[in-house]
Structure formats: C-alpha cells, structure tokens
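The values are calculated or read from the model by the stated rules, or taken from the named source; none is laboratory data. A quick note: this is a predicted structure, and the numbers were derived from the prediction, not measured. Note that each Cβ is placed from the backbone with ideal geometry, even for glycine, and that neighbours are counted across all protein chains shown.
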Amino acid sequence: PKNRGWVIPIVHQYQGFWHHDWQLQGVLSYQKHFQAQDTDILLVTTPKSGTTWLKAISFAITNRIQYHVASRDHPLIKNNPHVLVPFVEYVYADNPILDFSAIPSPRLFATHVPYVSLPDSVHNSNCKLVYMCRNPKDLFVSLFHFSNKLRPQHMGANSMEEVFELFCEGVSLYGPYWEHVLGFWNESLRRPKEVLFLKYEDMKAQPGTQVRKLAEFYGCPFTAEEEKEGIVESVLKLCNFESLSNLEVNKEGYLPTGQMNKAFFRKGEVGDWKNHLTAEMAERLDMITEHKFEGSGLKF
Ligand code: A3P
C-alpha cells in the first residue's frame with residue numbers, strides 16, 4: 001500500500017484550505033480537466049463526516065433498477081463503497097489526465113474539495129451536489145483515530161492534543177472544517193435545487209426520511225410499489241454500519257488510494273466524543289463552532 005499518512009504532515013494551503021502534497025496534485029488536475037455534466041451527482045464531505053455511508057446509500061438508490069437492493073449479489077456486498085463511488089481528486093492524483101466522459105449518466109462521484117476549489121465546470125453546471133456534514137466533536141474524534149490507523153508505524157502515533165490543536169487552528173485535511181461546511185451551507189441556501197445539505201446526525205435519527213429526500217433530490221423518488229415492497233428499509237439495511245462493517249470485503253484489503261478498507265468503519269455513533277474529549281476540549285470546539293457559524297443559521 002502507498003504511504004499516505006493522514007492529518008500530519010499537511011503541507012500546502014491552497015485557496016484557503018489545507019492539502020497533502022499528493023492529493024493537491026489531484027485537486028489541480030481535477031480543476032483543470034474535469035468536465036461536469038448537468039446529470040452528474042457529486043457527494044461532498046470533509047473527511048469523517050459519513051462519506052462511506054453516503055456513498056453506499058447514494059449508489060444503492062441511483063442503481064436500484066439495475067441492482068435490486070435486497071439482492072445477495074449487490075455490488076455493495078462485494079465492493080467497498082469507495083471503489084464504487086471514487087473521490088475524483090484521488091483518481092486524478094494517480095492519473096493526472098483523465099477522461100470520464102465514457103461513464104454513463106447519471107455519473108456518481110465524490111469529493112472532499114471545498115466549494116471554492118471545485119472545478120469551474122462544476123460551479124457553472126446544474127449538476128447536483130449533496131453535502132453531508134457532521135458535528136465537529138465527533139468528526140474530530142473520528143479523524144484522530146483514522147489518522148493514526150493510516151499512519152506508518154515508524155512515524156509513531158500523533159497525540160490527541162497535537163491533532164486537536166491543529167484542528168482548532170483550521171489545520172486538518174481539507175480544513176478549516178468550519179469554512180468547508182459554510183461554503184456548501186451557503187450554496188445550499190442560494191441554490192437549493194442543486195445543493196442538498198444533510199447532517200450525519202439527522203441520517204442516524206431519521207434514516208428513512210433522509211433516504212427518501214435523497215431519492216427525490218436525485219430525481220428518482222420511491223414509487224408507491226417500492227414503498228409497499230419495503231425498498232427504503234432494504235436500502236437502509238444494505239448500507240447500515242452493522243452490515244457494511246461486517247462484510248468480508250470491508251474487513252480486509254486496501255483501496256486503490258492505499259488506505260485500509262476497514263479504517264472507514266469504527267463505531268458509527270453520534271456522541272462518541274464524550275468518551276474521548278476532555279470538558280475543556282469540548283467547550284473549546286463548541287465556542288469556535290458558535291463563533292464561526294454565528295449568523296449563518298447553521299446549528300448542531
Ligand atoms: P466513527 O469514527 O465515529 O465511527 P467517512 O466515511 O467520511 O470517512 O467517515 C467515517 C465515519 O463514519 C466513521 O465514524 C465510521 O465509523 C462512520 N461510518 C462508516 N460507515 C457508516 C455507516 N454505514 N453508518 C454510519 N456510520 C458509518
């Protein structure tokens with residue numbers, strides 16, 4: 001596997017956001033070469049916001065005519081969601097000049113790239129963007145664990161204090177976290193037909209409602225027959241933490257980008273920060289969040 005340790009060191013600030021060396025190359029090629037189509041669907045997150053889950057759900061919804069969601073041969077049973085729905089900039093990082101035009105529409109992609117750094121063709125098209133965010137305390141805890149899982153052993157583990165300090169200063173992969181979220185939040189207010197803003201916490205609390213909302217947004221709402229057949233429940237069952245994390249394919253092996261498949265599944269809960277952050281850390285994150293989101297209408 002490729003040596004692509006997360007979080008530290010992050011060396012480049014580009015258009016106001018932090019990037020690794022290898023991955024910034026991908027962002028630049030993405031900006032230069034990607035041609036968005038109006039029928040494209042782009043899933044956007046900052047790392048550890050529930051991307052894997054959103055990818056699985058979106059793949060299941062948009063491909064449900066071709067692949068019945070209750071089928072034992074469903075592609076999600078044999079493939080990690082990151083293989084079925086790649087991060088565009090990571091594909092470009094390995095293949096700087098790419099042509100995605102042969103992929104049949106609607107094309108389903110993912111990205112961590114902040115709004116400001118998306119290719120012009122995305123800004124100027126009517127392609128659909130789904131942004132999923134997660135409360136910063138759980139996100140930070142998830143990011144911290146993830147980064148140490150991916151970090152080569154000889155580099156030693158990052159301490160939580162070290163990663164926390166950087167995170168609060170805005171230095172995290174694709175960070176600052178708050179500006180990343182706000183970029184898409186503001187765009188979702190401006191262009192609600194093209195940008196759907198979701199929260200991991202809502203997906204956990206009302207998964208059925210969110211999945212129906214997604215299907216509608218993608219232009220393929222569930223029919224009365226599908227509702228009767230329990231397709232929404234089957235989508236949720238196929239994609240929930242328990243199912244995905246227990247699949248053989250997600251317990252072993254590596255993604256083309258070099259990360260372990262299993263690194264994307266840890267606990268999948270809301271509120272795990274209580275087991276990891278001190279009261280001071282939680283308070284500091286709350287204060288930053290309140291300050292940064294003030295006046296935006298966005299709350300956790
Ligand atoms: P935790 O570390 O809190 O468990 P991403 O996919 O953006 O990298 O985010 C990973 C986080 O989402 C991890 O959070 C992971 O456990 C959780 N996750 C992965 N698959 C999930 C699923 N199907 N349902 C809910 N959470 C999931």
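Any chance you could count how many residues in the stretch 84-104 are surrounded by fewer than 21 Cβ atoms within 10 Å (Cβ to Cβ) and at pLDDT 90 or above?
3
Would you mention how many residues in the stretch 195-208 are outside any helix (DSSP H, G or I) and crowded, with 18+ Cβ neighbours inside 10 Å?
Final tally of qualifying residues: 5.
Being of a type outside the set (Val, Ile, Thr), within 27 Å of Ser142 (Cα to Cα), modelled with pLDDT of 95 or more and touching a helix residue (DSSP H, G or I) at 6+ places or on another chain (Cβ under 7 Å), is that true of even one residue in the stretch 60-67?
yes
Which fully enclosed helices (runs of 4 or more DSSP H) of the stretch 1-108 have 2 or more residues being away from the ligand (no atom under 16 Å from the Cβ)?
21-33, 88-94
Just wondering, is there one or more residues in the stretch 120-136 that are in a helix (DSSP H, G or I) and within 16 Å of the ligand (Cβ to nearest atom)?
Checked against the condition, which is being in a helix (DSSP H, G or I) and within 16 Å of the ligand (Cβ to nearest atom), the stretch 120-136 yields at least one hit.
Scan the stretch 209-252 for residues that are part of a loop (DSSP other than H, G, I, E, B), within 20 Å of the chain's Cα centre (by Cα) and either away from the ligand (no atom under 12 Å from the Cβ) or buried (at least 19 other Cβ atoms within 10 Å of the Cβ) (or both) and report the count.
1
Looking at the stretch 265-285 only, could you name the residues that are in contact (Cβ under 8 Å) with a residue 24 or more places away in the chain and away from the ligand (no atom under 11 Å from the Cβ)?
Once the filter is applied, which keeps residues that are in contact (Cβ under 8 Å) with a residue 24 or more places away in the chain and away from the ligand (no atom under 11 Å from the Cβ), the stretch 265-285 yields Leu277, Met281, Ala282, Arg284, Leu285.
For every residue, the table says whether it meets (1) closer than 15 Å to Phe293 by Cβ; (2) basic (Lys, Arg); (3) at pLDDT 95 or above; (4) buried (at least 21 other Cβ atoms within 10 Å of the Cβ).
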| site | (1), (2), (3), (4) |
| --- | --- |
| Leu129 | no, no, yes, yes |
| Val141 | no, no, yes, yes |
| Gln153 | no, no, no, no |
| Asn158 | no, no, no, no |
| Tyr177 | yes, no, yes, yes |
| Ser188 | yes, no, yes, no |
| Pro192 | no, no, yes, no |
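Among the residues of the stretch 241-252, write down those that are of a type outside the set (A, V, I, L, M) and touching a residue at least 40 places away in the same chain (Cβ under 8 Å).
Phe241, Asn250
Of all residues being of a type in the set (Asp, Glu) and part of a loop (DSSP other than H, G, I, E, B) in the stretch 265-300, which is surrounded by the fewest Cβ atoms within 10 Å (Cβ to Cβ)? Just the residue, please.
Checking each candidate, the answer is Glu294.
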